[in-house]
Ligand code: NI
């Protein structure tokens, strides 16, 4: 619906201005049954005494300290994101709805595109970079500067029609491939980084990518959708990934599953 932007989440600033402070304190708009969380920004008035200066320095949002430079909570660094591999527990996490978009989240999306292109993918879901939020990026061309890049927030896939079988792979399951039956056409509802609604029928490869990535946000991997018997063909590769991950956990290069999942709380506090 035109004009119904920001219905599901708040967009804080935009790519050009990023006026985090003032927007963060604005009244959240509400629409329909989805009500954005009330702002919990805490801060102090500017003491510069410039006539008309009414700026407000945000020091905390939702109990977290704000980085004054970026206007974002500390400790959540988009540049530090990396693709995680099976059987990392976040790949099985059911991601939460995004309620807020700010500069950090735009940086997250940019970092995800970077990782996707580096690894020759066509889509990458937030859970694959260890984030518990419903967001994925895609470019069916797989080439930076070609095709069409999309950042899809809170995607909902409905009206599946037809069936089509094709081979899939996944950046979180290196060297694993298998045939997956997906709907040929789907309807996608989502939001972009500007908070604008996307309401579209998709078919073919694009529809497959959207289904694969939306699955990720529900903790579902393409290997869960292989035909019966096909899992046996890739069990060697899965065992190898499993052995590698668990041995790195034992040597403490990777924290244990409980600690890994505990990290997600900070991101949820900031965006969900
Ligand atoms: Ni994948």
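Take the conditions (1) over 16 Å from the mean Cα position of the chain (by Cα); (2) away from the ligand (no atom under 13 Å from the Cβ); (3) crowded, with 18+ Cβ neighbours inside 10 Å; (4) under 23 Å from residue 142 (Cα atoms); residue 241 misses just one of them, which is (4).
Listed by position, the strands (runs of 3 or more DSSP E) inside the stretch 107-214 whose residues that are within 27 Å of residue 235 (Cβ to Cβ) and within 12 Å of the ligand (Cβ to nearest atom) number at least 1 are 123-125, 150-168, 178-191. The set of residues in the stretch 215-228 that are within 12 Å of the ligand (Cβ to nearest atom) and over 27 Å from residue 99 (Cβ atoms) comprises 222, 223, 224, 225. Within the stretch 215-271, the set of residues being assigned to a helix (DSSP H, G or I), closer than 28 Å to residue 104 by Cβ and in contact with a helix residue (DSSP H, G or I) (Cβ under 8 Å, 6 or more places away or on another chain) comprises 215, 216, 217, 257, 260, 261, 264, 270, 271.
Is it the case that the stretch 218-225 has a residue that's within 17 Å of residue 138 (Cα to Cα), without any contact (Cβ under 8 Å) to a residue 60 or more places away in the chain and surrounded by 14 or more Cβ atoms within 10 Å (Cβ to Cβ)? Yes, the stretch 218-225 contains at least one residue that is within 17 Å of residue 138 (Cα to Cα), without any contact (Cβ under 8 Å) to a residue 60 or more places away in the chain and surrounded by 14 or more Cβ atoms within 10 Å (Cβ to Cβ). Criterion applied to 194, 206, 164 was being touching a residue at least 24 places away in the same chain (Cβ under 8 Å) and surrounded by 17 or more Cβ atoms within 10 Å (Cβ to Cβ), and the one residue passing it is 206. Scanning the stretch 244-258 for residues that are surrounded by 11 or more Cβ atoms within 10 Å (Cβ to Cβ) and closer than 23 Å to residue 95 by Cβ yields 245, 249, 254, 255, 256, 257.
Does residue 155 satisfy the criteria of being in contact with a helix residue (DSSP H, G or I) (Cβ under 9 Å, 6 or more places away or on another chain) and in contact (Cβ under 8 Å) with a residue 60 or more places away in the chain? Write out each step before concluding.
On the way: in contact with a helix residue (DSSP H, G or I) (Cβ under 9 Å, 6 or more places away or on another chain): yes; in contact (Cβ under 8 Å) with a residue 60 or more places away in the chain: yes.
Judged against the criteria, residue 155 is a match.
Read-outs: derived from the displayed coordinates by stated rules, not from any lab. All figures in this text were calculated on a predicted structure; none of them were measured in a lab. In this analysis, Cβ positions are derived from the backbone assuming ideal geometry, glycine residues included, and neighbour counts consider all displayed protein chains.
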